[in-house]
Each structure stands twice: as C-alpha cells, then as structure tokens.
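Data block below; observations after.
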Amino acid sequence: MQKVYLGFDPGLSGGITFLNEHNQIIVCEPMPMFDTAKGKKELDLNGIVKIIKRVQLDNEIVMVGIEAVHAMPKQGVSSVFKFGTGFGSLLGIVSAMELPYKLIMPRTWQKQAFESLSKADTKQMSSIVCERLWPGFDFRQSKRCKKNHDGMTDSCLIALYIKKNY
C-alpha cells in the first residue's frame with residue numbers, strides 16, 4: 001500500500017488530485033459536478049466520496065490539503081454562498097472520512113510553487129509549473145479543450161505542497 005497526498009482546489013471549477021510518494025499523479029480530475037433541475041451546476045459530493053474511496057482501496061491517504069478560500073470583492077452574494085457551501089462540504093467529507101487535513105492559503109502554496117517564475121497570472125503560472133513537473137500529462141478537462149483546466153493544475157500543486165510540508 002503506497003502513501004498518497006490529496007489536494008483540493010474547491011469550487012465548481014476546482015479540481016481533485018492524488019499524488020504518491022514519488023510525486024506521480026494517481027488521480028487528477030476536475031471537481032465532479034451534476035446539473036440541477038434548474039440547469040445549474042452543483043458539486044457532486046457523492047462523486048467526490050467515490051473518488052476518495054476508490055483511491056483508498058490501494059493507498060493510504062497521509063494528508064489532505066484544501067485551499068482555504070474566502071469571499072473576494074465584487075463577488076455576488078449567491079456565488080459567495082455557493083462557493084462557501086462547497087468549501088464547507090469538502091471539510092465535512094474529509095472530517096467524516098477521518099482524513100487528516102490542512103487548510104492552505106493560496107499565497108502560501110503559490111509562493112512555493114512559483115518561486116522560480118516571474119510574476120504573472122497565477123492560473124497561467126500553475127499551468128506552466130505543472131507542465132514542467134509532469135510533462136506529457138493532459139491537464140485539459142476534455143480533449144476538445146484548448147487550455148489546461150486551472151482547477152486540475154491548482155489541485156496538483158496543492159497536493160505537492162502538502163506532500164513537501166506535512
């Protein structure tokens with residue numbers, strides 16, 4: 001049984017990544033979602049649990065890193081509420097599954113991940129760093145996408161931060 005580290009980038013455009021002890025990606029996916037009756041997207045909490053349980057069959061989850069999110073200026077009340085609900089749901093899942101976790105501020109993991117890059121857009125920098133660390137891995141949400149999924153790249157770097165620091 002190998003040890004793995006889980007990184008979460010919360011939110012509807014977030015991601016979930018498991019890295020092993022050798023920094024190899026075990027799972028890297030966009031956050032599971034489903035469409036509501038009103039045609040809106042919601043986090044698929046059961047889907048998140050299923051991914052975790054699938055990985056737990058053959059691996060020991062050593063630590064979970066969850067990006068500590070907060071409201072940003074000019075965000076709408078309902079979007080902030082939905083975002084906070086998703087974040088709280090992740091905390092609930094991890095706690096209920098009795099997994100050790102740490103909340104990590106975005107600046108904290110980004111400082112470590114981007115130390116060799118000049119200042120630019122953090123989503124673009126996540127993509128650059130991930131392509132360097134895991135060449136050949138497809139970080140797109142689907143084959144039709146032209147750009148890497150920033151939730152997937154961010155969750156990879158959060159998992160890597162957790163692995164290096166805990």
Inter-residue pairs, beta-carbon under 7 Å, first closer than 14 Å to Gly151 by Cα and in the stretch 1-15, second of a type in the set (Phe, Trp, Tyr) and surrounded by fewer than 24 Cβ atoms within 10 Å (Cβ to Cβ), 6+ apart: Pro10/Phe87; Gly11/Phe83
Residue among Glu131, Glu98 that alone is assigned to a loop (DSSP other than H, G, I, E, B), at pLDDT 95 or above and exposed (fewer than 15 other Cβ atoms within 10 Å of the Cβ): Glu98
Qualifying positions in the stretch 21-55 - over 19 Å from Val94 (Cβ atoms), at pLDDT 95 or above and assigned to a strand (DSSP E or B): Ile25
Of residues in the stretch 107-123 being part of a loop (DSSP other than H, G, I, E, B) and not charged (D, E, K, R), the one farthest from the chain's Cα centre (by Cα): Ser118
Some residue of the stretch 114-122 being under 16 Å from Gly65 (Cβ atoms) and surrounded by 15 or more Cβ atoms within 10 Å (Cβ to Cβ): no
Test: Val64 is in contact with a Pro (Cβ under 9 Å, 6 or more places away or on another chain), of a type outside the set (Ser, Thr, Tyr), buried (at least 19 other Cβ atoms within 10 Å of the Cβ) and at pLDDT below 95: no
In the stretch 25-41, the residues that are free of Cβ contacts under 8 Å to residues at least 40 places away in the same chain and either over 14 Å from Gly86 (Cα atoms) or exposed (fewer than 14 other Cβ atoms within 10 Å of the Cβ) (or both): Ile26, Val27, Phe34, Asp35, Thr36, Ala37, Lys38, Gly39, Lys40, Lys41
Unmet requirement for Leu6, which otherwise passes all of (1) at pLDDT 95 or above; (2) in a loop (DSSP other than H, G, I, E, B): (2)
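The values are calculated or read from the model by the stated rules, or taken from the named source; none is laboratory data. Bear in mind that the values here come from a model prediction, so they are computed numbers and not experimental data. Don't worry about glycine lacking a Cβ; one is built from the backbone with ideal geometry, like all the others, and counts go over all protein chains shown.
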